[in-house]
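The next block holds one structure in the form of structure tokens; read it before the comments.
Just so it is clear, none of the values below were taken in a lab; they were calculated from the coordinates. All of these numbers come straight from a predicted model, not from anything done at the bench. Here the Cβ positions follow ideal geometry from the backbone for every residue, glycine too, while neighbour counts run over all protein chains shown.
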Amino acid sequence: ARRLARTVAEALPDRKAAAHRAIALLAKCVSATEQQKSADAPAEVERYVELAIKLVAAARPADWSALRADPDCASLQTRPKFAQAVGQ
């Protein structure tokens, strides 16, 4: 999933739109991983969050208001580091 998110983020010429799509994918992965409740889940979630933050940084400067309003990205927006990265 992380590889796919990187591919999506690099594939579109509009870096912000590409990052938004990739971040929405990562947010769904966060939700799915949290539901598994496995011993590895917290570390895997953290890797998704870190990649999402890197994608935001790579697409800067950008207005992230659409991403902040996107319910598909909600599971990442509850993470303080990610929320700070998108100016929330």
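Side notes on the structure shown:
- Single residue of the range 1-58 satisfying the filter (among the aliphatic types (A, V, I, L, M) and not in a helix (DSSP H, G or I)) that is farthest from Pro80 (Cα to Cα): Leu12
- Filter result (over 10 Å from the mean Cα position of the chain (by Cα) and touching a residue at least 24 places away in the same chain (Cβ under 8 Å)) within the range 48-62: Ala57, Ala58, Ala59, Ala62
- Test result for Val86, β-branched (Val, Ile, Thr), under 18 Å from Arg2 (Cβ atoms) and buried (at least 18 other Cβ atoms within 10 Å of the Cβ): no
- Residue that is farthest from Ala19 (Cα to Cα) [pool: residues in the range 30-81 that are of a type in the set (Ser, Thr, Tyr) and surrounded by fewer than 19 Cβ atoms within 10 Å (Cβ to Cβ)]: Ser38
- Residue count for the range 59-78, restricted to those that are assigned to a loop (DSSP other than H, G, I, E, B) and more than 19 Å from Thr7 (Cα to Cα): 6.
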